[in-house]
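Engineer: Please find one structure pasted underneath; my questions will follow.
None of the figures in this text is laboratory data; all of them are computed from the coordinates on show. Since the structure is predicted, the reported quantities are computational estimates derived from the model, not experimental observations. FYI the Cβ positions are ideal-geometry reconstructions off the backbone, even for glycines, and counts take in every protein chain you see.
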Amino acid sequence: MKLPVNTFKEALLKNEPLWGCWAGFATGYCAEILAGTGFDWLLIDGEHAPNTLQTILAQLQAIAPYPVAPVVRSVNQDPALIKQLLDIGVQTLMVPMVESARQAAALATAMRYPPHGIRGVGGGLVRATRWDAVDDYLNIAHESLCLIVQVESPKGVEQAGSIAAVDGVDAVFIGPADLSIGMGYPGNPGHPDVQRAIEQVIKAVQAVGKPVGILAPLEEDARRYQALGCQFIAVGIDISLLRKGALDTLARYKKQPTSLPSSTY
């Protein structure tokens, strides 16, 4: 059996825009609904959504028949957890709060088998090998894996170029919400200082030839980031879309407050 193709990794090489959506409901049912809407990629969030290995696996299985690429965000940089995520079939992994080339290199090592890394061998126990059906998996696994590191702190901004240059890092994703609060502007990613920092990261990553992504639920932001060079952009969050749709529907029938709290990202 051939190694499953990582369609997201292949798409990044084409240098075309990829529009994505955050999947935060932590259920295969909701993930499958999103999978059929036409997004290029979905972010299964293991950091802030109430996900476990089992719920992530269920979502991977639910969206597998659809032409959408799953990206899974881990809760942290633990190599043991990374091993488990890869074993259940995660091909594209996003890791939060990377602030140095050393951290990025450690993550790249966790993605690979010895002698180039530290990933443990699960063999016939794991979905990634299709239970030992994939020919020569141990030697070719890295070909289907994609590592995205998140730059979302002032330290990360300073080191963005060196982080992106690490061998094994395939792309960098900017987190405006954490970056804004880390810079002293909580809930205000549109602040000029934060925007300058975002542009600095985009330029630094592009300078070493790696793709850049970002979360931008507002169309004005998404279009601007695309113009600046971001290639894969999350333009929706499923929970926010449901809430907004419910509020908009209810407002047609029931008087609502003149102002509603807006979500930050």
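Engineer: Span-like helices, the chain: DSSP H, alpha-carbon axial extent 24 Å or more, mean Kyte-Doolittle -0.5 or greater, which ones?
Structural biologist: Details: long enough: none.
Within the chain not a single helix satisfies the rule.
Engineer: Ok, one more. Once Lys and Arg get +1 and Asp and Glu get -1 on their Cβ, which of 174, 161, 12 lies farthest toward the positive end of the dipole of the chain?
Structural biologist: Of 174, 161, 12, it is 174.
Engineer: Per DSSP H run of at least 4 residues, take -39500 (n - 2.57); add these up for the chain, divide by its residues and hand me the 222 nm value, nearest 500 deg cm²/dmol.
Structural biologist: For the chain, the value works out to -11000 deg cm²/dmol.
Engineer: Using the Cα atoms as the points, what is the convex hull volume per residue of segment 84-208 in Å³?
Structural biologist: Roughly 97 Å³ of hull volume per residue.
Engineer: Please report the net charge: other residues with Cβ closer than 13 Å to the Cβ of residue 172, K and R +1, D and E -1.
Structural biologist: Details: positive: 203, 210; negative: 99, 152, 170.
Taking every Cβ under 13 Å from that of residue 172, the sum is -1.
Engineer: Rounded to the nearest 20 debye, what is the charge dipole size of segment 7-251 about its Cα centre when +1 sits on each Lys and Arg Cβ and -1 on each Asp and Glu Cβ?
Structural biologist: 180 debye
Engineer: When ranked by the protection proxy of mean other Cβ atoms within 10 Å per residue, highest first, what sequence do the peptides 79-86, 33-40, 151-158 form?
Structural biologist: Numbers: 79-86: 18.8, 33-40: 16.8, 151-158: 21.2.
By packing density, highest mean first, the sequence is 151-158, 79-86, 33-40.
Engineer: Now a separate question. Which whole-number percentage describes the relative contact order of the chain, with Cα contacts under 8 Å and a sequence gap of 6 or more?
Structural biologist: Once divided by the residue count of the chain, the mean separation gives 19 percent.
Engineer: Would you mind computing Rg(Cα) / (2.2 N^0.38 Å) for segment 1-152, counting N as its residues?
Structural biologist: Scaled against compact globular proteins, the figure is 0.99.
Engineer: A follow-up question, please. Considering only 17, 176, 70, give the residue with the highest GNM mean-square fluctuation for the chain, with springs between Cα atoms whenever their separation is below 10 Å.
Structural biologist: It is 17.
Engineer: Here is a follow-up. Please sort 239-250, 50-61 by packing, taking for each peptide the average over its residues of neighbouring beta carbons within 10 angstrom, highest first.
Structural biologist: Put in order of decreasing packing, that is 50-61, 239-250.
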